[in-house]
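Some notes on the structure that comes next.
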Amino acid sequence: MSTYIVGDIQGCFDELQLLLEQANFNPQQDTLWLAGDLVARGPKSLETLRFIKNLGQSAKVILGNHDLHLLAVSLGIHKVKNKDKTAPIFEVEDKDELLNWLRCQPLLAEHDEFVMCHAGISPQWDLAQARSCAREVEAILQSDKWPWLIENMYQNQPDLWDDKLQGIERYRYIINAYTRMRFCLPDGQLDMDCKLPPNEVSDTQFTPWFLLEQRLPLSKTVLFGHWAALEGYEGSDVIGLDTGCVWGGRLTMLRWEDKRFFSQQALSQ
C-alpha cells in the first residue's frame, strides 16, 4: 500500500496516466492525493474529472483556484476562457454529478504525517487554525449557499489575516490563502499578483509564504502545488509539486513512503 501525491494536472490526463503506469499505481491498494487544479488549460479536463471521481476512496482531492473557477463558470458568473479547455464538461449528461462532486472536495486534506493544500497555508495560522478555517469554507461550499460564496470570492482583499474577520471577508481570505497565495510581505500580508520564481523578484520585501520568518510552525509537512514557476520545491517541512506540465514542463508525483519522485514530461498538445 503506497501513498502518491501529484501536482497540478490541469487536464493533462494522458501525462497522468503515463505517470501512474510508471509508478505501478494500483487503486485497489494505493491512494492518490491530488493537489488541486484538476482542470483548466490541458486538453482533457473532462476525462481527468471522470477518472479521479471514479477512483472513489482511492483518491484524495483538494480544490485549487481553477477548480473553483470552473464552479463559477457553471453558475454563469464567468464564461469559459478560450485558453481553458473546460467547455466539454458542460456538454455531457453527467456534468451536474461531476460539478457537485467537485464542490464537495476540501481545501485541506490531512494525512498522519502531512497535510495537502493547493497554494499553501497562511503563515499566520497554526495547524489547528488551518483546519478550522478550511472547514468553515468547505461547509458553505457543500451547502445551498455555495453560489453566493463563489460569486463573491473574486477580490484580493482582505490580504492580512485577523481573527476578527467575519462573513465574506473572512471566507475570501481563507480561499485566497489556500488557492492563490505565493508571496508574502514581512508582516504576512499576501501578494496576489506576482507569479515569478523567487530569484527573479527584485522587491526584497517579497518572500515565498513558506520562507517567511514569522510563519507559525506546523507539526506536519505541507504538500502543495499552484506555483509552476518554482519548478518544484523541497524544503525541510514543505514540498512543492507543481512542475508546469500544462506549460510544457513535467507532471511530478511523490511516493510518500520512500520519498521517491516520479516525473512525466509534457506531451505535445
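Just so it is clear, none of the values below were taken in a lab; they were calculated from the coordinates. Note that the coordinates shown come from a computational prediction; the quantities given were computed from them, not determined experimentally. Glycine also receives a Cβ, built like all others from the backbone with ideal geometry; neighbour counts cover every protein chain displayed.
The ellipsoid that matches the Cα gyration tensor of the chain has semi-axes, each √(5λ) in whole angstrom, of 26, 23, 18, with the longest given first.
Shape analysis of segment 160-236 based on the Cα gyration tensor places the equivalent ellipsoid semi-axes at 21, 15, 13 Å, largest first. The shape of segment 79-153 comes out prolate: with a ≥ b ≥ c from the C-alpha gyration tensor, a/c is at least 1.5 and a/b beats b/c. Each part gets one Cα centre, and for segment 129-167 versus segment 207-269 those centres are 25 Å apart. Derived scalar couplings between HN and Hα for segment 145-152 equal 8, 4, x, 4, 5, 4, 5, 9 Hz in order, rounded to whole Hz, by the Karplus curve 6.51 cos²θ - 1.76 cosθ + 1.60 (θ = phi - 60°), x for Gly and Pro.
At a threshold of 8 angstrom on Cα-Cα distance, excluding pairs fewer than six apart, so keeping six or more, what relative contact order does segment 3-265 reach in percent? Over segment 3-265, the number comes to 23 percent.
What pairs from 83/259; 44/79; 83/195; 53/79; 220/259; 95/220 go past 26 Å between their alpha carbons? Pairs exceeding 26 Å: 83/259; 95/220. With point charges of +1 on the Cβ of Lys and Arg and -1 on the Cβ of Asp and Glu, referenced to the Cα centre of segment 3-265, which listed residue (12, 24, 173) lies farthest in the positive direction of the dipole? Highest projection toward the positive end goes to 12.
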